[in-house]
1. For the condition closer than 22 Å to VAL309 by Cβ, at pLDDT 95 or above, open to solvent by 30 Å² or more (accessible area, probe 1.4 Å) and of a type in the set (Gly, Ala, Ser), what is the one hit in GLY84, GLY89, GLY38?
2. Cβ-Cβ distance below 7 Å, separation of 6 or more or different chains: which pairs start in the range 1-27 with a residue that is among the hydroxyl-bearing types (Ser, Thr, Tyr) and end on one that is open to solvent by 70 Å² or more (accessible area, probe 1.4 Å)?
3. In the set GLY38, GLY33, which member is in contact (Cβ under 8 Å) with a residue 40 or more places away in the chain and farther than 30 Å from SER149 by Cβ?
4. If I filter the range 57-70 for residues that are in contact with a Lys or Arg (Cβ under 7 Å, 6 or more places away or on another chain), over 22 Å from TYR289 (Cα atoms) and modelled with pLDDT of 95 or more, do I get at least one hit?
5. State which residue is modelled with the lowest pLDDT when the search covers only the range 138-151 and only residues that are open to solvent by 10 Å² or more (accessible area, probe 1.4 Å) and out of contact with any Ser or Thr (no Cβ under 7 Å at 6 or more places or on another chain).
6. Taking the range 304-347 as the search range and keeping residues that are touching a strand residue (DSSP E or B) at 6+ places or on another chain (Cβ under 8 Å) and of a type in the set (Gly, Ala, Ser), which one is nearest to GLU117 (Cα to Cα)?
7. Can you confirm whether ALA69 is buried (at least 17 other Cβ atoms within 10 Å of the Cβ), hydrophobic (A, V, I, L, M, F, W, C) and outside any strand (DSSP E or B)?
8. Tell me the helices (runs of 4 or more DSSP H) entirely within the range 111-219 that contain at least 1 residues that are of a type in the set (Ser, Thr, Tyr), under 15 Å from LEU317 (Cβ atoms) and in contact (Cβ under 8 Å) with a residue 60 or more places away in the chain.
Amino acid sequence: MKRFVIHRPGGYRRLELEEHPDPLPAPGEVLVGTRAVGVNYADSLARWGVHDAAKRLVGWPITPGFEFAGEVLEAPSSKAWRPGDPVLGLSSFGAYASHIVVPEHQLFRKPERLSFEQAGGFPGVFLTAFHALFQALHVQASDNVLVHSAAGGVGGALIELCRVAGCWVVGVVGKPHKVAVVESMGAAATIDRSRQRLWEEAKRLSPEGYDVILDANGPSTLRQSYAHLAPGGRLVVYGFHSALPRSKAGGGGRLARLGTLRRLLSLPRFDPLRMTRENRSVLAFNVVYLLSKRTDLLREGMTTLLDWVEDQRIEPLGVTPFPFEEAADAQRLLESGETTGKLVLTL
């Protein structure tokens with residue numbers, strides 16, 4: 001099998017494509033031959049060595065990747081899966097590979113409506129959005145919602161699912177070409193940070209504040225996101241994109257990694273006494289822990305989402321494919337801030 005391995009933290013050049021023996025599934029596990037692998041910001045955080053779950057669950061060396069689609073190759077003890085079954089799934093890292101072994105509860109049958117490329121970029125972002133809106137927040141149709149990075153993977157999924165929930169949603173983007181993408185998915189309004197003053201426009205659109213703000217930026221926006229909550233409002237944190245360095249050369253190095261750590265250390269501290277007095281709250285989560293700790297929420301979320309795909313209540317995000325061997329180029333493009341929808345590696 002082929003897989004990318006990162007032996008030590010750094011830039012794009014730390015992604016080394018290696019040959020390894022094919023993994024063997026144990027009882028309760030399934031071996032999948034991957035056809036498409038989703039590319040996410042969390043992969044870059046793992047590469048830089050600042051993804052906490054990566055350090056806790058895997059350590060070094062590490063193969064990044066959380067979501068994939070492919071075909072079952074072996075399922076020795078499973079009654080649900082047979083060789084050749086088309087599947088999509090989630091993993092606690094390890095998906096940047098031609099073969100992957102996962103517990104069978106982390107696999108789901110690929111809908112016929114989804115190509116392998118669409119399916120490979122579906123589960124991670126849509127499960128994150130579903131968990132935020134329906135399992136953690138329990139959003140209401142009357143909620144005013146602000147979504148940062150609305151044209152990206154999770155942001156796009158959030159816009160679609162807010163539409164399903166009946167929320168009034170504003171999407172924030174950083175480039176003019178992303179406005180039409182977000183509005184086509186159901187946003188009532190879009191703020192383009194490159195042309196508009198973000199927080200002045202956010203206040204104009206919702207003068208009393210927002211019931212929900214979903215923020216994966218981290219250091220650059222969290223403080224003001226909290227300040228623009230309505231009474232009873234909730235700030236949801238699920239990523240730290242703006243902490244990543246913008247390394248054009250891709251070599252990384254100690255200084256770039258130190259810069260990332262410094263930006264993470266600049267994150268605001270939220271005072272429980274102040275939150276109680278202002279009737280605002282902050283919620284944060286990492287869906288990686290659903291895979292082993294809350295498999296009931298994993299099953300509920302993915303089953304509902306795949307039903308909605310079949311019923312055409314939601315659509316897959318637009319996909320930009322990269323050959324598997326060009327994982328570094330895909331991560332570089334993702335970190336540039338120019339992309340919309342999902343990037344996937346194809347095999």
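1. Working: GLY89 fails: open to solvent by 30 Å² or more (accessible area, probe 1.4 Å); GLY38 fails: open to solvent by 30 Å² or more (accessible area, probe 1.4 Å).
Of GLY84, GLY89, GLY38, the one residue that is closer than 22 Å to VAL309 by Cβ, at pLDDT 95 or above, open to solvent by 30 Å² or more (accessible area, probe 1.4 Å) and of a type in the set (Gly, Ala, Ser) is GLY84.
2. TYR12/ARG332
3. Values: GLY38 fails: farther than 30 Å from SER149 by Cβ.
Of the residues listed, the single one that is in contact (Cβ under 8 Å) with a residue 40 or more places away in the chain and farther than 30 Å from SER149 by Cβ is GLY33.
4. If we filter the range 57-70 for residues that are in contact with a Lys or Arg (Cβ under 7 Å, 6 or more places away or on another chain), which is where we start, we get 60, 63-64, 69-70.
Filter once more, so that each one left must be over 22 Å from TYR289 (Cα atoms): 70.
Now drop any that are not modelled with pLDDT of 95 or more, which leaves 70.
Scanning the range 57-70 turns up at least one residue that is in contact with a Lys or Arg (Cβ under 7 Å, 6 or more places away or on another chain), over 22 Å from TYR289 (Cα atoms) and modelled with pLDDT of 95 or more.
5. Initially, the range 138-151 is screened for residues open to solvent by 10 Å² or more (accessible area, probe 1.4 Å), giving 138-144, 149.
Among the residues that remain, those that are also out of contact with any Ser or Thr (no Cβ under 7 Å at 6 or more places or on another chain) are: 138-143, 149.
Details: HIS138: 95, VAL139: 96, GLN140: 94, ALA141: 95, SER142: 90, ASP143: 96, SER149: 93.
Of everything passing the filter in the range 138-151, SER142 is modelled with the lowest pLDDT.
6. GLY318
7. On the way: buried (at least 17 other Cβ atoms within 10 Å of the Cβ): yes; hydrophobic (A, V, I, L, M, F, W, C): yes; outside any strand (DSSP E or B): no.
Taking the combined requirement at face value, the residue does not satisfy it.
8. On the way: elements: 116-120, 123-130, 153-165, 179-184, 198-205.
Ranges flagged: 123-130.
The values are calculated or read from the model by the stated rules, or taken from the named source; none is laboratory data. Since the model is a prediction, treat every value here as computed from it, not as a measurement. Glycine also receives a Cβ, built like all others from the backbone with ideal geometry; neighbour counts cover every protein chain displayed. Calculation scope for accessible area: heavy atoms of the full protein, side chains included, ligands and nucleic acids excluded. Shrake-Rupley method; radii C 1.70, N 1.55, O 1.52, S 1.80 Å.
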